[in-house]
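The values are calculated or read from the model by the stated rules, or taken from the named source; none is laboratory data. Quantities reported herein were computed from a predicted structural model and do not represent experimental measurements. Note: ideal-geometry Cβ built from the backbone for every residue, glycine included; neighbour counts use all protein chains shown.
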Amino acid sequence: MIDAIDVDRYLRFGRDEWAELRAQTPLTLHERDLEALRGINDRIDLEEVVAVYLPLTRLLNLYVSATQNLHRVSATFLGTIAPKVPYIIGVAGSVAVGKSTSARILQALLTRWPEHPRVELITTDGFLHPNRVLEERGIMDRKGFPESYDTRRLIEFLRAIKAGQSEVAAPLYSHVVYDIVDDEQQVVRQPDILILEGLNVLQVGTEATEFVSDYFDFSIYLDADEDDIENWFIQRFFALRATVFQNPDSFFRHFAALSDDEAETMAREIWREINGKNLQANIAPTRSRASLVIHKGSDHRMKEVHLRRL
């Protein structure tokens, strides 16, 4: 959770307090919609959407409108036409904490607001260096760590989005083959809102002068106790063993034949040597940079929300 030293920088809401901030925001998702948005081993339900994401999308809608108005005021002062500048939301957090599902739910809900119907979602997986580059550099076992990303290319992508370019392409990543897909791209065409989801999107370094988060208008960090996240990772590993790992093209197909005991041992080793280390060293330290922190309990349900004071 947020360190005590950071509490004064945030407004703190319990679950019921936050849920009340939904006001009259309607629920525009149905169970069949949510089924398509859930990630592997994610148990989110419509009640959680109502309690967590409807207040959040109401807040974001107000923020987007205020930012658009600010651009209009600036254009009036300069005597120019107000440019269309996409509002960029960053979603950060550990492996297995539920970032992808949260980002997809946000996209689905925000798209249904009439003020900003074009909402695009990009994951930073596409900006990982290809496996051959990671192997050449001897950091294949540090995939997901800051050094495994082509950060310069990601920043160039965000710069082009903010500049209002008509089309900006992002690389595609396959979780089946565990690598960048050659000659395939996701093209973003002047969205009203862009959601960027990834492990290290709030990361800052000591040498760089420009950071990914410099382009964010708002950022969300999904938080939970590390023991809970580790357990969720193990549960997800078991779910993948029974699904994606069964694919003959899967990079991890050799895990499909593991026994339950072997699978748990392997998952805990991966967590201990890779994901846990990345969380402790690189991801968790960026939590206090987020505009909003959602803290989950062991049941994956939101317990508290911390909103940074303006």
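Some notes on this structure:
- A search for C-beta distances below 7 Å between a residue of segment 259-274 that is in contact (Cβ under 8 Å) with a residue 40 or more places away in the chain and any residue that is of a type outside the set (Ser, Thr, Tyr) and assigned to a helix (DSSP H, G or I), counting only pairs 6+ apart in sequence or on different chains, returns TRP271/GLU230; TRP271/PHE233; ILE274/ASP141.
- Within segment 128-165, if we keep just the residues that are assigned to a helix (DSSP H, G or I) and of a type in the set (S, T, N, Q), the residue that is farthest from GLN203 (Cα to Cα) turns out to be ASN131.
- Check on VAL187, over 15 Å from the mean Cα position of the chain (by Cα) and either in a loop (DSSP other than H, G, I, E, B) or basic (Lys, Arg) (or both): no
- Of the numbered criteria (1) at pLDDT below 95; (2) within 15 Å of ALA108 (Cα to Cα); (3) not aliphatic (A, V, I, L, M), the one SER74 fails is (2).
- Annotation note: of LEU11, LEU46, the sole residue that is surrounded by 12 or more Cβ atoms within 10 Å (Cβ to Cβ) and closer than 23 Å to LEU310 by Cβ is LEU11.
- Test: residue in segment 259-276 that is at pLDDT 95 or above, in a loop (DSSP other than H, G, I, E, B) and either within 17 Å of the chain's Cα centre (by Cα) or of a type in the set (S, T, N, Q) (or both): yes
- Residue within segment 147-157 that is farther than 23 Å from ARG236 by Cβ, out of contact with any helix residue (DSSP H, G or I) (no Cβ under 6 Å at 6 or more places or on another chain) and among the aromatic types (Phe, Trp, Tyr) present: yes
- Scanning segment 243-272 for residues that are surrounded by fewer than 11 Cβ atoms within 10 Å (Cβ to Cβ) and under 19 Å from ILE139 (Cα atoms) yields a total of 1.
- Test result for THR80, under 19 Å from the mean Cα position of the chain (by Cα) and either surrounded by fewer than 19 Cβ atoms within 10 Å (Cβ to Cβ) or among the polar types (S, T, N, Q) (or both): no
- Selection count where residues are touching a residue at least 40 places away in the same chain (Cβ under 8 Å) and in a helix (DSSP H, G or I), scope segment 239-250: 3
- Of all residues in segment 210-237, those that are in contact (Cβ under 8 Å) with a residue 40 or more places away in the chain and assigned to a loop (DSSP other than H, G, I, E, B) have Cβ atoms under 7 Å from Cβ atoms of residues that are surrounded by 21 or more Cβ atoms within 10 Å (Cβ to Cβ) and among the basic types (Lys, Arg), 6 or more apart or on another chain, in ALA224/LYS296.
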